[in-house]
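This report refers to the structure that appears directly beneath it.
The values are calculated or read from the model by the stated rules, or taken from the named source; none is laboratory data. Please read these numbers as outputs of a predicted model, since none were measured by experiment. Quick reminder, even Gly has a Cβ in these numbers, built from the backbone with ideal geometry, and neighbours come from all protein chains shown. SASA here: full protein model, heavy atoms, side chains in, ligands and nucleic acids out. Shrake-Rupley method; radii C 1.70, N 1.55, O 1.52, S 1.80 Å.
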Amino acid sequence: MTQPVRILFVCLGNIIRSPLAARLFEREVEEAGLEGKYEADAAGTADYHVGQAPDERMVRTAARRGFHYTHRARQIERSDLDEFDLVIPMDLENKTDIEALARKPEQRAKIHLLREFDPKAHGALAVPDPWYGGPSGFEDAYDIIERSARGLLEALEAGKLP
Ligand code: 4NP
């Protein structure tokens with residue numbers, strides 16, 4: 001059997017944006033009947049929240065839309081850049097931090113910003129970090145991540161990525 005395509009979603013703390021991205025991507029995979037073809041995980045560039053569950057504010061935002069998920073925060077390691085086929089940062093700071101870990105061009109080539117796959121990005125590059133904002137930041141981030149996760153799967157299925 002062919003190996004699944006492995007995708008690592010990356011944000012700063014690994015408690016708000018990237019766990020949601022990984023779990024919503026998995027939901028898209030299931031809904032498309034593509035279980036086993038893709039595997040998703042999430043990590044943070046920072047170690048602040050290692051071992052923690054997702055931020056309650058995003059968990060509640062998702063639950064209001066009927067989506068329930070969990071994750072345990074971990075920090076990205078250099079070996080992730082070999083073990084995953086794609087590494088998907090949420091914003092430019094995450095991307096720069098991951099690039100600093102990379103040692104080989106083939107590792108760098110795996111890095112793509114999530115919003116490259118957002119059909120409504122209108123040129124925006126980042127999933128804004130809702131950590132310091134009000135509730136609307138969580139709603140906005142959820143919408144962006146949901147659209148982009150779907151767009152990423154569509155791009156993969158269309159053969160636009162490995
Ligand atoms: P995340 O959000 O990167 O989407 O998980 C944040 C979580 C924690 C912090 C910042 C952003 N923090 O500063 O602790």
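What helices (runs of 4 or more DSSP H), lying completely within region 1-103, carry at least 1 residues that are open to solvent by 80 Å² or more (accessible area, probe 1.4 Å) and either closer than 16 Å to residue 149 by Cβ or among the aromatic types (Phe, Trp, Tyr) (or both)?
Values: elements: 17-31, 56-64, 80-83, 92-101.
Helices (runs of 4 or more DSSP H) meeting the threshold: 17-31.
With (1) modelled with pLDDT under 95; (2) touching an Asp or Glu at 6+ places or on another chain (Cβ under 6 Å) as the list, and residue 161 as the residue in question, which single condition is left unmet?
Going through the list (1) modelled with pLDDT under 95; (2) touching an Asp or Glu at 6+ places or on another chain (Cβ under 6 Å), residue 161 breaks only (2).
From 152, 161, which residue is within 15 Å of the chain's Cα centre (by Cα) and surrounded by 13 or more Cβ atoms within 10 Å (Cβ to Cβ)? Please lay out each step first, then the result.
Details: 161 fails: within 15 Å of the chain's Cα centre (by Cα).
Within the list 152, 161, the selection yields 152.
Any idea which of 110, 120 is of a type outside the set (A, V, I, L, M), more than 14 Å from the ligand (Cβ to nearest atom) and either open to solvent by 70 Å² or more (accessible area, probe 1.4 Å) or farther than 25 Å from residue 156 by Cβ (or both)? Steps first, answer last, please.
On the way: 110 fails: either open to solvent by 70 Å² or more (accessible area, probe 1.4 Å) or farther than 25 Å from residue 156 by Cβ (or both).
Exactly one of 110, 120 is of a type outside the set (A, V, I, L, M), more than 14 Å from the ligand (Cβ to nearest atom) and either open to solvent by 70 Å² or more (accessible area, probe 1.4 Å) or farther than 25 Å from residue 156 by Cβ (or both), namely 120.
Against the condition out of contact with any strand residue (DSSP E or B) (no Cβ under 6 Å at 6 or more places or on another chain) and among the basic types (Lys, Arg), how does residue 27 come out, does it pass? Let's see the steps before the verdict.
Working: out of contact with any strand residue (DSSP E or B) (no Cβ under 6 Å at 6 or more places or on another chain): yes; among the basic types (Lys, Arg): yes.
Spelling it out, residue 27 is indeed out of contact with any strand residue (DSSP E or B) (no Cβ under 6 Å at 6 or more places or on another chain) and among the basic types (Lys, Arg).
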